[in-house]
1. Tally the residues that are open to solvent by less than 10 Å² (accessible area, probe 1.4 Å) and either under 22 Å from V74 (Cβ atoms) or over 16 Å from the mean Cα position of the chain (by Cα) (or both), restricting the search to region 90-111.
2. Would you pick out the residues in region 169-185 that are of a type outside the set (A, V, I, L, M) and not in a helix (DSSP H, G or I)?
3. Being under 16 Å from the mean Cα position of the chain (by Cα) and loosely packed, with under 13 Cβ neighbours inside 10 Å: is that true of T163 here?
4. Between residues in region 11-24 that are without any contact (Cβ under 8 Å) to a residue 12 or more places away in the chain and residues that are surrounded by fewer than 19 Cβ atoms within 10 Å (Cβ to Cβ), which pairs lie under 8 Å by C-beta distance while being six or more apart or on different chains?
5. What pairs come out if I take residues in region 188-215 that are closer than 17 Å to C157 by Cβ and of a type in the set (D, E) and pair them with residues that are open to solvent by 50 Å² or more (accessible area, probe 1.4 Å) and assigned to a helix (DSSP H, G or I) whose C-beta lies under 6 Å away, six or more apart or interchain?
6. Out of the residues in region 36-66 that are within 30 Å of S166 (Cβ to Cβ) and of a type in the set (S, T, Y), which is least open to solvent (accessible area, probe 1.4 Å)?
7. Hey, can you tell me all the residues within region 172-187 that are more than 21 Å from C157 (Cα to Cα) and in contact (Cβ under 8 Å) with a residue 60 or more places away in the chain?
8. Just one of (1) assigned to a loop (DSSP other than H, G, I, E, B); (2) in contact with a Leu (Cβ under 7 Å, 6 or more places away or on another chain); (3) not basic (K, R) trips up P86, so point out which.
Amino acid sequence: MIHFITNFGPTILLKTWEHIELSLVAILIAVSISVPLALLLTQMRSEKVSERVLRVISIIQTIPGLALIAFVIVVLHVINKQFYVPTTGFLPGLIILVLYALLPIVSNTYHGIKQVPSSLKSAANAIGMNRKQVLFFVEIPLSFPLIISGIRIAFVCTVGLVTLTSLVGTGGLGELILQGLRSMKISYILAGTIPAALLAIAGDMLLQAFSRSFAKSGYEKNQA
């Protein structure tokens, strides 16, 4: 164990930081796109349009990870002929991760708000709240646990997918796994898989704790 830590400790720390950085940036971008999009869909009068948008996003989720990586690289390669866009490294990996993270966040946010009882919305309208106030002060707080659940799913999937995006040079713990698979060295594989698994578990636990804390604070506020 001491020999393992001595040999791989600095490398694991570096690759873990790269893994965390890429995962967090991807999730932040995905949330900043998904939540406003879902809120917009809930305010549309035509549910058919909302369903079509959700269907398109769900199609992206069904594409195998390796196929999506290849597709994004091809698209960037075509764009690169007109404008300089890196076809390997951080950017393509980020695009892939954001695309994969959209569905659980959009879907949970949309359905969470749609599941708020109409009686509560009617009561809010009765005390003088307009449509925007009902959305931000009633619907979003009540659907917040489901929104966080979507972010949790997206984060766990993202941490796992970062190991695959290492194929395009994004860095992260996937590089150690790939190096171990090429050389059939178990030590390299473990050096990548164990920290990646721990990252996913730790992130999920933190988001779960945050959701419970929010729910508890909301309950105590209502009691007061």
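The values are calculated or read from the model by the stated rules, or taken from the named source; none is laboratory data. Given the structure is predicted, the values throughout are model-derived calculations rather than measurements. Here Cβ is always computed from backbone atoms with ideal geometry, including for glycine, and neighbour counts include all displayed protein chains. Ligands, DNA and RNA are excluded from the accessible area calculation, which covers all protein heavy atoms including side chains. Shrake-Rupley method; radii C 1.70, N 1.55, O 1.52, S 1.80 Å.
1. 5
2. G169, T170, G171, G172, K185
3. Numbers: under 16 Å from the mean Cα position of the chain (by Cα): yes; loosely packed, with under 13 Cβ neighbours inside 10 Å: no.
Spelling it out, it is not the case that T163 is under 16 Å from the mean Cα position of the chain (by Cα) and loosely packed, with under 13 Cβ neighbours inside 10 Å.
4. Close Cβ pairs (under 8 Å, with a partner that is surrounded by fewer than 19 Cβ atoms within 10 Å (Cβ to Cβ)) do not exist here.
5. Close Cβ pairs satisfying both conditions: D204/R152; D204/V156.
6. Ranking the candidates gives S58 first.
7. S187
8. Unmet condition: (2).
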